[in-house]
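Everything on this sheet refers to the single structure shown next.
Values quoted throughout were computed directly from the atomic coordinates according to the rules given, and no laboratory measurement underlies them. Computed from a predicted model, the values in this text were never measured in an experiment. As a convention, Cβ positions derive from the backbone with ideal geometry for all residues, glycine included, and neighbour counts pool all protein chains shown.
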Amino acid sequence: MTSETTEPLGKWVEQLFKTAFFQSDDQMANQAMDQGFSENLKVRINGSLMDRATYQQAAVRVRGSCQGVLENMEELLVTSAEHQPAGGGSVAHLLRFMMKDWKTGEEKKETAVIISTVDVSEGKRLVTEVTEVNRTWDSA
């Protein structure tokens, strides 16, 4: 997971979210959170505001109780190159994924739209804001 500004913004955010939330190595996930998300991160999920610490704690809790399986992550829209301040900007993704409860085996399908705002500090990209709207669907 690199924070260099040469990779297309949408691809960089996609890789960050895949590493932080959809692979099995907890150490790698925590490292992605530490390196890719600003200390001053603002997150809003379905209208509920949280800071970085709360967001990271929620991610750890979910990873401990469920296995997330990413089915698809599609870039919907990204800030055009001429409007990206030195590699930063905003990008929207549509995600489809499944959460499988470790204890019960219950599976829930979810769909989310995530808008990420990325700033560049000292040559490194950092996600500074995340707005997520998600919905759980019955797997039956």
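What do you get for the angle between helix 9-21 and the principal long axis of the chain? Use alpha-carbon atoms, 0 to 90 degrees, nearest ten. Long axis of 9-21 versus the principal axis of the chain: about 30 degrees. For K100, the lysines whose Cα falls under 24 Å of its own Cα, not counting residues fewer than eight places away in the same chain, are K18, K108, K109. Working from Cα pairs under 8 Å separated by at least six residues, relative contact order for region 100-140 is 43 percent. Computed about the Cα centre, the dipole magnitude for the chain is approximately 340 debye when only Lys and Arg (+1) and Asp and Glu (-1) carry charge, each at its Cβ. If R0 equals 35 Å, the separation of the Cβ atoms of W137 and Q15 corresponds to a calculated FRET efficiency of about 0.85.
Given the chain, what whole percent of its Cα pairs are spread farther than 24 Å? Across the chain, Cα pairs with separations above 24 Å total 27 percent.
Our summary gives region 9-137 a relative contact order of 25 percent, counting only alpha carbon pairs under 8 angstrom and 6 or more residues apart. Taking other C-beta atoms within 10 angstrom as a stand-in for reagent exposure, I114, I45 fall in the order I45, I114, fewest first.
Counting Lys and Arg as +1 and Asp and Glu as -1 over every other residue whose Cβ lies under 15 Å from the Cβ of R44, the net charge comes to -1.
Along the charge dipole of region 80-121, Cβ charges K/R +1 and D/E -1, which of G87, F97, I114 sits furthest on the positive end? Most positive-ward Cα: F97.
Ignoring lysines fewer than eight residues from K11 along the same chain, the ones with Cα atoms less than 22 angstrom from its Cα are K42, K124.
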